[in-house]
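Take a look at the structure below.
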Amino acid sequence: MALTLAEKIIQAHLVPQACPDTHFTGGNPIERGVDIAIRIDQTLTQDATGTMTYLQFETIGIPRVKTDVSVSYVDHNTLQTDFRNMDDHRYLQSIAAKYGLWFSRAGNGICHQVHLERFGEPGKTLLGSDSHTPTGGGIGMIAIGAGGLDVAVAMGGGAFHLAMPKVYGVKLTGSLRKGVGAKDVILEVLRRETVKGGVGAVYEYFGSGVESLTVPQRATITNMGAELGATCSVFPSDGATKAFLTAMGRADVWKELKADEGAVYDKIIEIDLSTLQPLAAQPHSPDAVAPVASLAGKPVTQVCIGSCTNSSLDDLAAVAAIVRGKHIAPGVEAGIAPGSRTTLLMAEKAGILGDLIRAGFRILESACGPCIGMGFAPNTEGVSLRTFNRNFKGRSGTTDANVYLVSPETAAAAAVTGVFTDASKLDYDDATYTGTGRITLLSGKDDRLNASDVIRAASDDGMLIAPLDEKAAAAVEILRGPNIKPCPASPAPAQSLTLPVLLKAGDNVSTDDIMPAGTKVLPFRSNIPEIAKFTFERIDTEFYKRAERTGFSGCAVIGGENYGQGSSREHAALGPMYLGVRAVIVKSFARIHQANLINYGIIPITFADAADYDRIESGDTLEIGNIGEALATGKDFKITVTGKSGTKTIAGVNSLAKRSRDILNAGGLAAYTRSGGQ
Ligand code: MIC
Ligand code: SF4
């Protein structure tokens, strides 16, 4: 039977013995929603989630990673305002040496960009402890973001479990016009689908329009599929993929991959690239999308190009073509953080870097930087145009700033004019660097540079440290700084729980709301007792104090739709866990966060009747009387709510797969894995 590309890659990686309930017979589409287990070929971690991942990996007790390739990147906490960050980096480097991983040093670039350039392979699976791991879909991978504990299990050779996603087809036709970028494609998808439209789904791109997009452009689109809540996104592997891999000196890993003729998608979205116009996601959500034309003339105070979404050579070239020979407007501060050292080297070779410097861009480090609130915070009530993927309130470091997510083209146009501007209205030659319309360096079509120059620039792997052989690895001593504390144990399973409601939150609560990042908090990523003090700080500054008053003895949190959207950070489960949160009851969950809650022994429950959300208040007491039975049988949870308005009983949906129930019963994934659970 005809299969989609996503189905083909997933089926080729199924581990049926880890998931006997799948009832997979081969070749046919797998029923959507059933629990499946897949083999993971590659893993990636970054430093902010990596320390917890490896602390957990150490406790699993496996001498060497069992994947084909595992890479530990340092790209998030590179501000290093005290000893903590560098201590973490040294811990990660020693772990990589000891356990057979690649190590990408601070300054080498953002994990997703570097991974695409140096390690990604069409048709392989990649699991990463970062929500934007789906960037790898741009090269034809099934690349999924997950909590660090799931990644630790995968490094130990364990399968990754997930509900079989739906496969949504995105049919692209036409080609992008001048002034319109790949970012506008994904913003258009977000406009139509919203930040929760992709939960439980893979977005698979196909159609004649795909050919016109380079791999970095495709990666922009798959990267920001994370903002749809999708499991991942995937493009076929074709001639453009081959050209990209060839430019990266890795032509040998290329293979052609596409959906079968007649493959059936769960739904199809059609986008004619030629009709797209420049778009912007307005404050404070990636799906609050409006045409740039509707904002034209609005003053801008800051522009920032970078992040794992838009920091490739294509992006830098698109910016340089617009700003070349011009200068950043006096009222604007502009910065650019190239995605990798490779990108920076290529930009230098192509003359792009000089054009950017002359235009007045501040050249920032090749790292996440401003995207995660590590410097470059906007001014009070500033209007910051960023080529990033998230504009949650306060994430930039300035609570009252207005952050808009835009394409590099739109950002560059605003940088030189000082106001929102449709780039196509400016007088510039978008063929500046190529003679062919866009930067096509990576498609091998560039006429100014010869391929060998590019490859030489691109293959400087000096900041990547290769795995040691087993003998050398055995002698490595793990370096642990004083801020690196062991991961606290998850709570023991309970038959029933009586819990005060300590917080009632609204819809689309992000993991930044649950556990903020930024300069103040990120240094404590390896120290749960300390970082726990910041739990829910963004939405309720008193939460920690209230939890402290309970003696951290147990409490519940209530939320609305899409609870836990955004990051894969386990700290958004670990912080609450440390403060005693035992159950989270919401209208719906974001995928990764729900899995993280389970992995750390917190019971995720959804309201059977969404109207029950209005019947619970902060300060009420919940009694979940049948936890033991619900976890053993899969029956729904019975919850008695006692509050000012009396006592009532509500039902909580138990949508947990058998394995998730077993994990909760074992007291979390680490305990489950140690006791032999798969
Ligand atoms: C993010 O973009 O929010 C992060 C920082 O990359 C996170 C990971 C983290 O919190 O460390 C993510 O997207 O998963
Ligand atoms: Fe880094 Fe930002 Fe990408 Fe997260 S979204 S990985 S912080 S660049």
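Quick notes on this structure:
- Counting the residues of region 297-335 that are more than 13 Å from ARG358 (Cα to Cα) and either of a type in the set (Phe, Trp, Tyr) or crowded, with 24+ Cβ neighbours inside 10 Å (or both) gives 18.
- For GLU570, the requirement of being away from ligand 1 (no atom under 14 Å from the Cβ) and of a type in the set (Asp, Glu) is not met.
- Qualifying residue in region 52-63 (condition: within 16 Å of ligand 2 (Cβ to nearest atom), buried (at least 22 other Cβ atoms within 10 Å of the Cβ) and assigned to a loop (DSSP other than H, G, I, E, B)): no
- Any chance GLY158 is of a type in the set (Gly, Ala, Ser) and over 15 Å from GLN46 (Cα atoms): yes
- Annotation: of all residues in region 69-102 being free of Cβ contacts under 8 Å to residues at least 40 places away in the same chain and under 13 Å from LEU464 (Cβ atoms), the one that is farthest from ligand 2 (Cβ to nearest atom) is SER72.
- Pairing residues of region 501-515 that are under 11 Å from ASP540 (Cβ atoms) and within 12 Å of ligand 1 (Cβ to nearest atom) with residues that are assigned to a helix (DSSP H, G or I) and of a type outside the set (S, T, N, Q), at Cβ distances under 6 Å and at least 6 apart in sequence or on separate chains, gives ILE514/ALA572.
Quick grid of which residues meet (1) touching a strand residue (DSSP E or B) at 6+ places or on another chain (Cβ under 8 Å); (2) charged (D, E, K, R); (3) assigned to a loop (DSSP other than H, G, I, E, B):
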| position | (1), (2), (3) |
| --- | --- |
| ASN508 | yes, no, yes |
| PRO529 | no, no, no |
| LYS545 | no, yes, no |
| GLU548 | no, yes, no |
| GLY551 | no, no, yes |
| GLU561 | yes, yes, yes |
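- Selected residue [buried (at least 24 other Cβ atoms within 10 Å of the Cβ), closer than 15 Å to ALA219 by Cβ and away from ligand 1 (no atom under 16 Å from the Cβ)] from GLY136, GLY128, GLY140: GLY140
- Residue satisfying all of: in region 629-656; among the hydrophobic types (A, V, I, L, M, F, W, C) and in contact with a Gly (Cβ under 9 Å, 6 or more places away or on another chain); surrounded by the most Cβ atoms within 10 Å (Cβ to Cβ) among these: ILE639
- The set of residues in region 510-527 being in a helix (DSSP H, G or I) and not basic (Lys, Arg) consists of THR511, ASP512, ASP513, ILE514, GLY518, THR519, VAL521, LEU522, PRO523, PHE524.
- Filtered residue count, region 594-651, keeping only those that are on the phi > 0 side of the Ramachandran plot and out of contact with any Pro (no Cβ under 6 Å at 6 or more places or on another chain): 3
- Subset of region 482-515 [crowded, with 19+ Cβ neighbours inside 10 Å, more than 26 Å from the chain's Cα centre (by Cα) and among the β-branched types (Val, Ile, Thr)]: VAL501
- When ASP507, ASP540, ASP469, ASP461 are screened for being of a type outside the set (A, V, I, L, M), modelled with pLDDT under 95 and either touching a helix residue (DSSP H, G or I) at 6+ places or on another chain (Cβ under 8 Å) or more than 16 Å from ligand 2 (Cβ to nearest atom) (or both), only ASP461 passes.
- The residues on offer are GLY575, GLY601, GLY619, GLY559, and the sole one that is surrounded by fewer than 20 Cβ atoms within 10 Å (Cβ to Cβ), modelled with pLDDT of 95 or more, away from ligand 2 (no atom under 16 Å from the Cβ) and small (Gly, Ala, Ser) is GLY619.
Rundown of residues vs (1) closer than 23 Å to ILE514 by Cα; (2) touching a Cys at 6+ places or on another chain (Cβ under 9 Å), yes/no style:
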residue	(1), (2)
TYR578	yes, no
VAL584	yes, no
ILE605	yes, no
ASN626	no, no
ALA666	no, no
ALA670	yes, yes
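- Breaking point among (1) more than 16 Å from ligand 1 (Cβ to nearest atom); (2) over 22 Å from GLU31 (Cα atoms); (3) surrounded by fewer than 24 Cβ atoms within 10 Å (Cβ to Cβ), for ALA106: (1)
- Restricting region 395-407 to residues that are of a type in the set (Gly, Ala, Ser) and buried (at least 21 other Cβ atoms within 10 Å of the Cβ), the residue that is farthest from ligand 1 (Cβ to nearest atom) is SER407.
- GLY157 surrounded by fewer than 23 Cβ atoms within 10 Å (Cβ to Cβ), out of contact with any strand residue (DSSP E or B) (no Cβ under 6 Å at 6 or more places or on another chain) and in a loop (DSSP other than H, G, I, E, B): yes
Conditions tested, residue by residue: (1) modelled with pLDDT of 95 or more; (2) surrounded by fewer than 20 Cβ atoms within 10 Å (Cβ to Cβ).
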| residue | (1), (2) |
| --- | --- |
| ALA367 | yes, no |
| ILE372 | yes, no |
| GLY375 | yes, yes |
| LEU385 | yes, no |
| LYS393 | yes, yes |
| VAL419 | yes, yes |
| ALA431 | no, yes |
| GLY437 | no, yes |
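- Residues being in contact with a Gly (Cβ under 8 Å, 6 or more places away or on another chain) and under 23 Å from GLY200 (Cβ atoms) - total across region 570-587: 7
The values are calculated or read from the model by the stated rules, or taken from the named source; none is laboratory data. Keep in mind that what you see is a predicted model, and the values were worked out from it rather than measured. Using ideal geometry, Cβ is built from the backbone for each residue, glycine included, and neighbour counts are taken over all protein chains shown.
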